[in-house]
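Just so it is clear, none of the values below were taken in a lab; they were calculated from the coordinates. Note that the structure is predicted; figures quoted are calculated from it, not measured. When we count neighbours, we look across all protein chains shown, and the Cβ atoms used for this are built from the backbone with ideal geometry, even at glycine.
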2 protein chains.
Amino acid sequence: MKRLMNVVETMLDESLDGFAAAHSDIVELGSERKFVRRRTVSQGKVALISGGGSGHEPLHAGFVGLGMLDAACPGQVFTSPTPDQMVAAIEAVDTGAGVLLIVKNYEGDVMNFEMAAELAAASDRRVETVVTNDDVAVPKSTWSTGRRGVAGTLVVEKIVGAAAEQAMGLEDLRDLGRRVNERTRSFGVALSPCTVPAAGSPTFELAPDEMEIGVGIHGEPGRRRTKLGSADAIAEEMLSAILGDLPPPSGNKCLLLINGFGGTPLMELYLMVNAARRILGDRGIMVSRHLTGSLVTSLDMAGCSITITLLDDRLTRLWDAPVKTASLSW
Amino acid sequence: MKRLMNVVETMLDESLDGFAAAHSDIVELGSERKFVRRRTVSQGKVALISGGGSGHEPLHAGFVGLGMLDAACPGQVFTSPTPDQMVAAIEAVDTGAGVLLIVKNYEGDVMNFEMAAELAAASDRRVETVVTNDDVAVPKSTWSTGRRGVAGTLVVEKIVGAAAEQAMGLEDLRDLGRRVNERTRSFGVALSPCTVPAAGSPTFELAPDEMEIGVGIHGEPGRRRTKLGSADAIAEEMLSAILGDLPPPSGNKCLLLINGFGGTPLMELYLMVNAARRILGDRGIMVSRHLTGSLVTSLDMAGCSITITLLDDRLTRLWDAPVKTASLSW
């Protein structure tokens, strides 16, 4: 394993310090680096908080800012943040309008965010939760009860974040988040494993001609291992799984998110955009919005995921609303 | 080599089609995919055109749009675009105010852009050129006469692009571009090689504990090969080379660009931000602007480069000016 680092023990802290310095116009670190928060929170706005293990950057800290999150709690690499971190974040950014927690469906994250919500509620804070579980690859996994929450989480964060800026109330934001999650499905493939710095060896092994179909964002096993196929064949299998599982669309428009896992060049991601658009077009589905990049990663794993969110006019407007974060800005 | 692709022969075309579709609000493809251009060009504005081999994405096509380039010519992977492509781009975006070519210093690029400039001049078009050569690692290389042009090129494109939007004339833009290049230095290190799809094998070999100090963006050799050091030691060597070569600063402010080569996680890039800031601070240099990300890449090569541009108030204002491209937006 080769890493640009000093020692494993301080890697996350040093990275967070660099992140906060590079984006000091947008964010600041909480005490003891428990969370990354917006520099300025809006009084009376519902606060959105997410978090999870590190190693998925820019998720979540890169999405803190106007139009998305108010705070993000970073755990160690692939390790849930603690309830203590979440409570500190809640106390820092709740201005009295309540807090919405956006939680990827992994056992550690769900348990710790639940505990934090209970602690905050005991202090008379209003807290609601949206759990994302957009990964259709496997019904449950080594790390989750039920489906995993993956790249679709950023779609939930963006759309709910826009609605929160427009003064939507806590319960409505929760319902909106759940609705976006219900209309969102993802599927990932890995061409290489990733290596957790503290472990030092790859999370799994792949032969030089193999890929993992349905991989999770920690390198967890998917549906099967198979020979590397063509981009068209891979996109076809990914989209068949996604479209076969989505509720019947009321319209024919969708958001297409092609997400790199960290080690895959942008050139290949755009090639996947092209393949996916053709397949969707053949099925009468129009891609009305795109997002392409390495946004929900698994350290340096090669591969990508496809996420589809069914859009309507209201969700499209919220997607288009301004966002100013370290890693998404329009 | 594992790639998300169909066949090598159509890889670039499929990727360009995906890129153009995903960003159709900003760009469109020229005929036969000879160039990527802004959807709308401003009458009377000097047109900025760059280009080079593919495999460095998002450079250059990802920087076409308001506040940066008017067109970019993509060659095959690590191969110069042809004069024919450049002439077509010039004809497409020159509105009569002239064209500034921004060219990385590689023999093929320089030769072909020169030929295109001569052809355009023969048709009574006004064409000027800025050649970037910000890489201090080696005085010349396998691919260049003199220093290589690397990540600093995007700084030139951004600052000159902003000035062009503000109606600066052709010769002044050329001089500004050369001035930014003179105040900009870069240095890169590789932790792994990259693999050109058409070749199928890595561009060079590195032992599991080795790194290449001073690598180029095609994996060209740098100063030496050595054991992988700590991030602090690496940043120290990179910045010593950069600062030792820069002209004496008139002020003490700089832009710090930490650029990933493609295979290095964002967590490590931000850790390098932290290391670089500390070293610069110790030398009395203040980082007043940051840019961090995999922006001038070498396919899936692991590693990073540091670029420093000495800023003054005018350059800072131009850096801060609005930009709306596929990969830079503020």
Ordering of A:118-125, A:256-263 by burial proxy (mean other Cβ atoms within 10 Å per residue, highest first): A:256-263, A:118-125
Label distances, nm, B:ARG314 versus same residue in remaining copies, Cβ-directed 7 Å point: 5.3
Computed label-point distance, nm, for sites B:ASP313 and B:GLU171 using a 7 Å Cα→Cβ extension: 2.7 nm
Under the Karplus curve 6.51 cos²θ - 1.76 cosθ + 1.60, θ = phi - 60°, whole-Hz ³J(HN,Hα) for the stretch B:90-102, x wherever Gly or Pro sits: 4, 5, 6, 10, 6, 9, x, 8, x, 10, 10, 9, 10
Antiparallel %, DSSP beta bridges [both residues in chain A], to 5: 55 percent
Spin-label model distance (nm) - B:ALA233 vs A:ASP84, 7 Å beyond Cα toward Cβ: 3.4 nm
Cα-based reach from B:LYS140 at 27 Å (exclusive), listing lysines while leaving out same-chain residues under 8 positions away: B:LYS104, B:LYS158, B:LYS227
A:THR40/A:SER123 FRET efficiency (R0 22 Å; Cβ-Cβ; nearest 0.05): 0.40
Over chain B: helical MRE at 222 nm, DSSP H runs n ≥ 4 each giving -39500 (n - 2.57), nearest 500: -10000 deg cm²/dmol
Chain B, relative contact order [Cα under 8 Å, separation at least 6], %: 18 percent
Span per principal axis, largest first, for the Cα atoms of the protein assembly as shown (Å): 73, 58, 49
Normalised per residue, the volume of the convex hull around the Cα set of the stretch B:184-320 (Å³): 107 Å³
For the stretch A:193-210, 3J(HN,Hα) per residue [Karplus equation, 6.51 cos²θ - 1.76 cosθ + 1.60, θ = phi - 60°, Hz, x = Gly/Pro]: x, 10, 10, 6, x, 5, 8, x, 10, x, 5, 7, 10, 10, 5, x, 10, 10
Number of partner chain Cβ atoms within 10 Å, mean per residue of B:293-303: 4
Other-copy label distances relative to B:GLU210, 7 angstrom Cα-Cβ extension, nm: 2.8
Principal semi-axes in Å for the stretch A:40-178 [√(5λ), Cα gyration tensor, largest first]: 22, 16, 14
Partner chain coverage, peptide B:273-286 - average Cβ within 10 angstrom: 3
Share, in percent, of DSSP beta bridges within the protein assembly as shown that are antiparallel, nearest 5: 55 percent
Ranked by how many other beta carbons lie within 10 Å on average, peptides B:298-307, A:45-54, B:132-141, B:91-100 from highest: B:298-307, A:45-54, B:132-141, B:91-100
Gain upon complete extension [A:SER240, A:LYS140; 0.36 nm per residue less C-alpha separation]: 34.1 nm
Kirkwood Rh (inverse of mean 1/r, distinct Cα pairs), chain B, angstrom: 19.7 Å
Test item: B:16-28 mean partner chain Cβ contacts at 10 Å: 5
Neighbour net charge for B:ARG289 - beta-carbon separation under 14 angstrom, K R +1, D E -1: +2
Estimated distance in nm for a label pair at A:ASP320 and B:ARG283, the labels positioned 7 Å out from Cα along Cα-to-Cβ: 4.8 nm
